[in-house]
Amino acid sequence: MPLLIDGYNLLHVTGIVGRGNALDLLLLGENFGAARAYELGLVSRVVPRPKLMDEARAVAGRIAKGSPQALLAIRKAVAFNLRRGWDEMVRYEEELCAQVFAHPDAHEGPRAFLEKREPRFQDG
């Protein structure tokens, strides 16, 4: 079983923050705040507490507008890529791209853009 630090596998931490920063974090065991977590790439954004729910809703709303098919492919690719080598990642992403571009949503997005309307993506 992999060693976890606050939900992160040690290999993932090293891949995210780099060897030197990973060693600092793990060997020193010092607490750090949101700004440092952002600087290290452990979080994608830092929001003042009073604006947190507004930001979360805005992000969720933006994601919800996307094609479920494309969103699922992105999640699969990221999860797969964390565990595989370069050649396997490229082959898998090519398979996912073929599936996504064969789906009707691949045409709905550009069509909606040209027609200046919100896209109507299919569910999965």
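Observations
- Yes/no for G41 being in the same structural domain as H12 (by TED's automatic domain parsing) and on the phi > 0 side of the Ramachandran plot: yes
- I74 passes every criterion in (1) in a helix (DSSP H, G or I); (2) surrounded by 12 or more Cβ atoms within 10 Å (Cβ to Cβ); (3) modelled with pLDDT under 90 apart from (3).
- Selection status of A98, in the same structural domain as D123 (by TED's automatic domain parsing) and farther than 19 Å from D123 by Cα: no
- Of all the criteria given as (1) surrounded by 10 or more Cβ atoms within 10 Å (Cβ to Cβ); (2) under 14 Å from the mean Cα position of the chain (by Cα); (3) at pLDDT 90 or above, the one not satisfied by R62 is (1).
- Applying the set (1) touching a helix residue (DSSP H, G or I) at 6+ places or on another chain (Cβ under 8 Å); (2) hydrophobic (A, V, I, L, M, F, W, C); (3) not assigned by TED's automatic domain parsing to the domain that holds H12 to A58 leaves exactly one unmet item: (1).
The values are calculated or read from the model by the stated rules, or taken from the named source; none is laboratory data. The structure presented is a predicted model; accordingly, all values stated were derived computationally and were not measured. Don't worry about glycine lacking a Cβ; one is built from the backbone with ideal geometry, like all the others, and counts go over all protein chains shown.
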